[in-house]
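As structure tokens, the structure follows; a few thoughts come after it.
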Amino acid sequence: MSTEIERKFLVKGEYRSLAQSKSRIVQGYLYADARKTIRIRIRGDKAYVTIKGPSADNGLSRFEWETEISIADAEEMMSLCEPGLIDKERYLIPYEGHLFEVDEFHGENEGLVVAEVEMKSPTEEVVLPSFIGAEVTGEKRYYNSHLRKKPFTQW
């Protein structure tokens, strides 16, 4: 078991040329409410089941448990997910000792680009790259579990 500590930002500038890699992610939710989510994710040639607890520290941290599963199992479990799959391209960008994950959303969330950076503690200093815009940490409408219900194109 672990605690995920991360900040989330909108993206305002060019970032693709800085990426060390990119991958396609499709994910669905077996269950999602304000207290917990159970997510199935297929990322490239790997798949995972993830359980996340409620947000704390104004959205900065929460419990997270994840384990790898087979692609076949993930595809089968996707058929059990609640309506509204998330489809996105993730770019990994190392910068000043941190790894920024930039997600370009597709489908009903087309046009939304969000960056996340994980930290070791809530007070850890993070140098932000020039493509980072407004901070949206803790704003629930930017959570993937909410985007599947209220997509960006409907805001």
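Numbers at a glance
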read-out	value
Cβ-based net charge around residue 144, under 9 Å, with every Lys or Arg adding one and every Asp or Glu removing one	+2
Qualifying GluC sites (Glu not before Pro) in region 96-155, DSSP loop, other Cβ atoms within 10 Å at most 11	96, 125
Radius 12 Å from Cβ of residue 102, net charge of other residues (Lys, Arg +1; Asp, Glu -1)	0
In region 1-37, GluC sites (Glu not before Pro) in a DSSP loop with at most 15 other beta-carbon atoms within 10 Å	14
Positive minus negative residues near residue 82 (Lys, Arg vs Asp, Glu; Cβ under 9 Å)	+2
Partner lysines for residue 149 [C-alpha distance under 17 Å; skip if fewer than 8 residues away on the same chain]	36, 88, 140
Under 5 Å, built H, 5+ apart or other chain: amide partners of residue 12	132, 133
Amide proton proximity set for residue 95, modelled H, under 5 Å, gap of 5+	100
Gyration tensor verdict on the chain (Cα atoms; rounded if a/c is under 1.5, prolate if a/b is larger than b/c, oblate otherwise)	rounded
Under the Karplus curve 6.51 cos²θ - 1.76 cosθ + 1.60, θ = phi - 60°, whole-Hz ³J(HN,Hα) for region 78-95, x wherever Gly or Pro sits	4, 5, 9, 5, 4, x, x, 7, 9, 10, 8, 10, 10, 10, 9, 10, x, 7
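Bear in mind that the values in this text are calculations on the coordinates, not laboratory data. In this text, all values refer to a predicted model and were calculated from it rather than measured experimentally. Cβ: placed from backbone, ideal geometry, glycine included. Neighbour counts: every protein chain shown.
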